[in-house]
Amino acid sequence: MDIRQLRTFSCVAELGSLSKASDTLRVAQPALSRQIKLLEHELRAELFTRNGRGMVLTDAGRLLLARTSGIVRQIDQVRDEIQSAGGPPSGRVVLGLVPTVSCVISARLARRTVDTYPGISLCIVESYSGHLTEWLHRGEMDLALIYGPSSDLHLAVQSLGRDPIVAVGPRGSGLSKKKQVDIGWLLKQRLVLPSHSHGLRALIEQAAAKKKLKLDVKLEADSFRVLTSLVEEGLGYTLLPPSSVRNEVANGRLETAAISKPSPMRELTLASPIDHPGSTAIALVTELLRDELIACREEGLWDIKLA
């Protein structure tokens, strides 16, 4: 195996198509196909199945991608570091954001990165903490803003602050008039929550356990947009940071109320792989990210209590 073969394999796996990979890598399709066949011959295993929709990874292909994607990214970062030494910073940074953070900060951060460091390519990946943590461990991501507790992540972590959680309900639910609700009352309502693998669900399960209550979860949604849409339709209540539904509340589509003390809080954590050397581009994006957190807090767009 050589790095060219692995980079070709990684690109085809990501795009699911030889033609798309050919356009991205600017290499003719026959040459890419030959590299994949050489790699399969050396490993004595098929890495893709070919069908009318493109290239689909086999079990062997998924294993190879999991083991080598981080290596390919680190080699690319070394190249970027050397090429940008003494010149404008360049390179690719993959940043993971949980949905409730992404809806507040992703567009602002992207604009700031383009304006300040045009040589840096920023890839923002939005998902729940469980998925982002897995991708960090596999070396497929450089940084992620996720929810802790940070001590359980086995990553290089920095606590950035704590995010309050409020009750969220549909228009007409009366939450806006109540201003504040008891956590015990809220947990007895029909709830719309993420599945068990995600941090918000774990936080709510813990709160229910302390109250010795059984949650009534009729619907689960691992998409933030789907979750809020289900609440808008009157199918249940949920718990979210107020910043994540600020627009929906302003438009009258959702209502919120604070939760009486002790109210739940989530620790916001900046995480990166332990054995992943940080590049100049990563350091600069991290700095911009911190600046945006402070700016959002000062502008009243985010209620986070910064560390």
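The values are calculated or read from the model by the stated rules, or taken from the named source; none is laboratory data. None of the values given here were measured: they were computed from a predicted structure. Counting neighbours? That spans all protein chains shown, and the Cβs are built from the backbone with ideal geometry, glycine included. Remember, those area values only see protein heavy atoms, side chains included, never the ligands or the DNA or RNA. Shrake-Rupley method; radii C 1.70, N 1.55, O 1.52, S 1.80 Å.
Scanning segment 126-151 for residues that are in contact with a helix residue (DSSP H, G or I) (Cβ under 7 Å, 6 or more places away or on another chain) and β-branched (Val, Ile, Thr) returns a single hit, Ile146. Please verify whether Ala271 is in contact with a Lys or Arg (Cβ under 7 Å, 6 or more places away or on another chain), open to solvent by less than 50 Å² (accessible area, probe 1.4 Å), outside any loop (DSSP other than H, G, I, E, B) and at pLDDT 85 or above, treating the condition exactly as stated. So Ala271 does not fit the description; no.
Among what's in segment 274-291 and is aliphatic (A, V, I, L, M) and touching a Gly at 6+ places or on another chain (Cβ under 9 Å), pick the residue that is surrounded by the most Cβ atoms within 10 Å (Cβ to Cβ).
Ala281
Each residue in segment 248-265 was checked for being modelled with pLDDT under 90 and farther than 18 Å from Val192 by Cβ, and 5 pass.
Taking residues in segment 162-176 that are of a type in the set (S, T, N, Q), and partners anywhere that are in a strand (DSSP E or B) and modelled with pLDDT of 90 or more, the pairs with Cβ atoms closer than 6 Å and at least 6 places apart or on different chains are Ser173/Glu255; Ser176/Glu255.
Here's the yes/no breakdown for (1) over 23 Å from the mean Cα position of the chain (by Cα); (2) farther than 27 Å from Phe224 by Cβ:
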site	(1), (2)
Asn51	yes, yes
Leu63	no, yes
Ile82	yes, yes
Val94	no, no
Leu97	no, no
His131	no, no
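The set of residues in segment 243-254 being touching a strand residue (DSSP E or B) at 6+ places or on another chain (Cβ under 7 Å) and open to solvent by 30 Å² or more (accessible area, probe 1.4 Å) consists of Val249 alone.
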